[in-house]
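The values are calculated or read from the model by the stated rules, or taken from the named source; none is laboratory data. Because the structure is a prediction, the values reported are computed rather than measured. Glycine also receives a Cβ, built like all others from the backbone with ideal geometry; neighbour counts cover every protein chain displayed. Just the protein is used for accessible areas: all its heavy atoms, side chains included, with ligands, DNA and RNA removed. Shrake-Rupley method; radii C 1.70, N 1.55, O 1.52, S 1.80 Å.
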Amino acid sequence: MNLFPRRAFLCILLVVLFSLSAAAQISDKVVRVETAPYQAGAPLGIRVELLNASLIDRIDVAYRSFGETDYKHLEMQMQGNSAQTVIPAKDLTPPFLEYYLALYLHNGATETYPVENPTEHPLKIDLQSSISAQDDAIIILSPEPNETFRSREDALISFSLIHADSSIDKSTVKIYIDGADVTSKAIFTGDIVTIPPPEYLEGGKHSIRIQVSDRDGSSAHVTAMDFGLKTTEGPAGSSSLAPKWTYRSHLQAETRNENIANSVTPYNRLSLSASGEYDWLRLDGSLFVTNEENDRRQPQNRFLVSGESRWLRLGYGDHYPVFQDLIMTGKRVRGFFANLTLGFFNLDVSKGDITRRIESDTLRTFLFDSLASEQASDSTGAFGPYDQTRWAKFNRGTFSRDLLVVRPSFGSREGAHFGLTYLKSKDDITSIIYGGKPKENLVLGSDFLIPLFNHGIEITGQSAFSATNNDITGGTFTDTRIDSIYSDYSESARNTIRKVRDVFQNFITINENLIPLNLKNAPTLAYEAGLAVNYFNNYFKFTYLRHGNNFESFGQSFVRTDVVGFNIADRLRLLNNQVLLTGGFERLQDNTAETKPATTTGTTTNVSISWYPKKELPSVTVGYLFASNANDHPDTLWRIEDRLDRILVQLGKDFTFGGHHTAVLSVSTSTRDDQSFRNLDGKNTMVSLSNSTSFEIPLQTLVSLTVSSNTFATSGASSISTDYTTLYAMANYRFLGNKLIVGASVSPTFGDIERTLFDARSEYYFVPNLSLAGQLSVYLNKQTTNDVIWSFILRADL
């Protein structure tokens, strides 16, 4: 299991890079989306700033690599008017990442960001800006990015030149630790280079820099990484200092007022985090408290306490565990978790509630004799006994749902391993008075990784089998119920059902609502197998998958079911990593249970080329995607025949003119041609230009222009068009030796959507670890009332 790295969240808070696509979107719930700078091999943090967050229960980020059809989903951690998450490094494949947000509102509705056609016209994050800095010619094996060693003796540094091509002169390797040249201490074993820990290395933060030149001396390949050392040691030959406790803590108090559509909502929030270390022991705790907490919503307060040693981590509170992709990925669990790491054997456990009980609302009561007429007047309403003489009509509540996931694995967590996963989740029938149908879920799975030739070749696979009972109200079959329900079966067949019940009732409720009731075509089986090859500056990956039409895991809500097929992806670097070619093909079909009158086939073909010249020329990325879906259904009402064409052109340039500038021009267009009777054609075009500048004086600016045109067909022959243009200008300036930071921005939008955003903010540092920040945002909306938001935030770090 992989809990989201804490340091990635710090990266989000300290270094914020505005997403160009996000700045172009218009939403009454999302103010902006911010991403941390991309670094090859490291996870990517995403942070969302919200407007009127009290309306939102949950936010998921849906993301995919360029050219893939399916989106993966992660639940974001909500805290006040922001939400954040970290996308794993393994899911970040250049040239860019596509994503959108799914917002689940308190009233049961769902919205997306961007609002218009998010799956076909998503937001994008450039994953190529750091290609030259994290060169594939040099692969650091140890340490991991920002890894902290527990002692100097553990601080072994190693890297590989196995993927360096023939143009690279391996004899020119230079290695620097904290700026000091330590190349002479390196040990070369073929393409593997190791450096013993320097004797002078002391506790704290350190950096390593490795470079190697081409044979003609025209260019250098450079890779840099930070790492830490926990134990403080004296000079060479002296004994280590005795271990001692070290502490860190962070406190933030916020008061915020939102006047949205003439509705005033005050917020008061307090967050506290603290950690302490003593030799091999680490303790962590966090707490978030808000006045938004109430028993009609899922938990808004958050807390977590944990302890960690070299081989064991334990914790209790709100956590977001990641197990096998098909079974459990990033869903919030309030309860206990444990991670045992012994090297040859590992064990991960998570147990707690994934849904808190929310009691139903009684709308009205009536006598039993009126039940028939009440049901006739509202056939979709929910009714139930209220007392001995009356019934009630009610709004259904939410059952408390617990979850247990256990995964033993054998081998290395990051290397060769084989794992087994068990998930059990069940609604508590007694948690509320009136509800829908309580459910129960059981999933069994396995996964493996076989790396060969120092991960040059990787063979992966995972499988999972699920069983779901969609109504456990009546409990497990009795013999009498079996005879009644299956009266037309033979006695021997009913005896077989009884035997199956006797065996499996210890794991899940067995009755007529269980899926699967038969195993024909394996409706609840899902599996994937993959092969990845990374040699000669070329990364090739093939994946075959099949997800049964009834597969379900309560820990993973977004597995695409009823699909079988394969996808191929290939990424090739040329001309000393100046050119990146990416291509892919995917073919998927539904009807895995063979119960539909027709099978729909979806194909996706994509190709992109990126050029990163090392001279004074802009970088260029051109991408094209073609996707189609078709079936030969005999009924034209159900026939599908549509295609999607999408083109992206992006240019970027860093230059110096009175300051350091980064300019980006992006043009994206997609066209959908629906040949079915529905004729749901659509076209989306977005053109954006931005320039961010850092001056020698303490001034930073960002200016962008975005033009968006969207046309969507509706039922019949009608269509809806939305065209708008957004300008954005922002500046930050530091005064008094960086003690005072002042910033402001203005963003007018013209066209079919007209509004203007003014934002002013400042932060004053009384001392380096104590500050007070204030912010005022004004939304001038032409078609609705104006909105005003102000907030004050006190921060303290100890």
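So the values come out like this:
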quantity	calculated
In region 520-536, the residues that are of a type in the set (Gly, Ala, Ser) and either touching a Ser or Thr at 6+ places or on another chain (Cβ under 7 Å) or not in a loop (DSSP other than H, G, I, E, B) (or both)	Ala526, Ala529, Gly530, Ala532
Residue list for region 480-516, filter: closer than 27 Å to Asn549 by Cα and β-branched (Val, Ile, Thr)	Ile482, Ile485, Thr496, Ile497, Val500, Val503, Ile508, Thr509, Ile510, Ile515
Answer from Val264, Val322 - the residue that is open to solvent by 50 Å² or more (accessible area, probe 1.4 Å) and among the hydrophobic types (A, V, I, L, M, F, W, C)	Val264
Residues (over 19 Å from Arg356 (Cβ atoms) and either modelled with pLDDT under 95 or touching a helix residue (DSSP H, G or I) at 6+ places or on another chain (Cβ under 8 Å) (or both)) located in region 383-409	Phe383, Gly384, Pro385, Tyr386, Asp387, Gln388, Thr389, Arg390, Trp391, Ala392, Lys393
Test: residue in region 506-527 that is in contact (Cβ under 8 Å) with a residue 60 or more places away in the chain, of a type outside the set (Ser, Thr, Tyr) and closer than 30 Å to His455 by Cα	yes
Hey, Asn339 touching an Asp or Glu at 6+ places or on another chain (Cβ under 8 Å) and either surrounded by 19 or more Cβ atoms within 10 Å (Cβ to Cβ) or polar (S, T, N, Q) (or both) or not	yes
Residue count for region 271-302, restricted to those that are in a loop (DSSP other than H, G, I, E, B), open to solvent by 30 Å² or more (accessible area, probe 1.4 Å) and either within 26 Å of Thr355 (Cβ to Cβ) or modelled with pLDDT of 90 or more (or both)	7
Checklist (1) open to solvent by 20 Å² or more (accessible area, probe 1.4 Å); (2) in a strand (DSSP E or B) applied to Asp483, failing item	(2)
Number of the exception - Glu696 against (1) open to solvent by 30 Å² or more (accessible area, probe 1.4 Å); (2) in contact with a strand residue (DSSP E or B) (Cβ under 6 Å, 6 or more places away or on another chain); (3) modelled with pLDDT under 90; (4) of a type outside the set (Lys, Arg)	(2)
Criterion: without any contact (Cβ under 8 Å) to a residue 24 or more places away in the chain and among the charged types (D, E, K, R) - qualifying residue of Arg587, Arg546, Arg571, Arg560	Arg587
Subset of region 555-566 (residues that are in a strand (DSSP E or B), touching a Phe, Trp or Tyr at 6+ places or on another chain (Cβ under 8 Å) and open to solvent by less than 40 Å² (accessible area, probe 1.4 Å))	Gly565
Failed item, numbered, when Ser373 is tested on (1) in a loop (DSSP other than H, G, I, E, B); (2) over 30 Å from Arg282 (Cβ atoms)	(1)
Residue match in region 367-381 (condition: open to solvent by less than 60 Å² (accessible area, probe 1.4 Å) and under 23 Å from Arg297 (Cα atoms))	yes
Top-ranked residue of region 489-531 - restricted to ones that are hydroxyl-bearing (Ser, Thr, Tyr) and more than 32 Å from the chain's Cα centre (by Cα), ranked as least open to solvent (accessible area, probe 1.4 Å)	Thr509
Flag if Ser249 is polar (S, T, N, Q) and within 26 Å of Asn294 (Cβ to Cβ)	no
Residue list for region 494-519, filter: touching a helix residue (DSSP H, G or I) at 6+ places or on another chain (Cβ under 9 Å) and part of a loop (DSSP other than H, G, I, E, B)	Ile510, Asn511, Glu512
Search result, residues across region 401-433 that are open to solvent by 20 Å² or more (accessible area, probe 1.4 Å) and more than 30 Å from Lys90 (Cβ to Cβ)	Lys426, Asp428, Ile429, Thr430, Ile433
Spans of strands (runs of 3 or more DSSP E) in region 625-703 with at least 2 residues basic (Lys, Arg) and touching a residue at least 12 places away in the same chain (Cβ under 8 Å)	641-656
Count of region 403-448 residues which are part of a strand (DSSP E or B) and over 25 Å from Ser557 (Cβ atoms)	4
Residues within region 585-624 that are open to solvent by less than 80 Å² (accessible area, probe 1.4 Å), among the β-branched types (Val, Ile, Thr) and not in a strand (DSSP E or B), tallied	3
Residue within region 387-398 that is in a strand (DSSP E or B), among the β-branched types (Val, Ile, Thr), more than 26 Å from His106 (Cβ to Cβ) and open to solvent by less than 70 Å² (accessible area, probe 1.4 Å) present	no
Residue within region 113-127 that is over 16 Å from the mean Cα position of the chain (by Cα), of a type in the set (Ser, Thr, Tyr) and either under 30 Å from Tyr612 (Cβ atoms) or open to solvent by 40 Å² or more (accessible area, probe 1.4 Å) (or both) present	no
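Okay, residues lined up against (1) without any contact (Cβ under 8 Å) to a residue 12 or more places away in the chain; (2) within 23 Å of Thr595 (Cβ to Cβ); (3) not basic (Lys, Arg):
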| residue | (1), (2), (3) |
| --- | --- |
| Asp447 | no, no, yes |
| Ala464 | no, yes, yes |
| Tyr486 | yes, yes, yes |
| Leu531 | no, no, yes |
| Asn537 | no, no, yes |
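Let's see how each residue does on (1) modelled with pLDDT under 80; (2) part of a strand (DSSP E or B); (3) out of contact with any helix residue (DSSP H, G or I) (no Cβ under 9 Å at 6 or more places or on another chain):
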residue	(1), (2), (3)
Asp60	no, yes, yes
Thr69	yes, no, yes
Thr93	yes, no, yes
Glu98	no, yes, yes
Ala102	no, yes, yes
Gly108	yes, no, yes
Lys124	no, yes, no
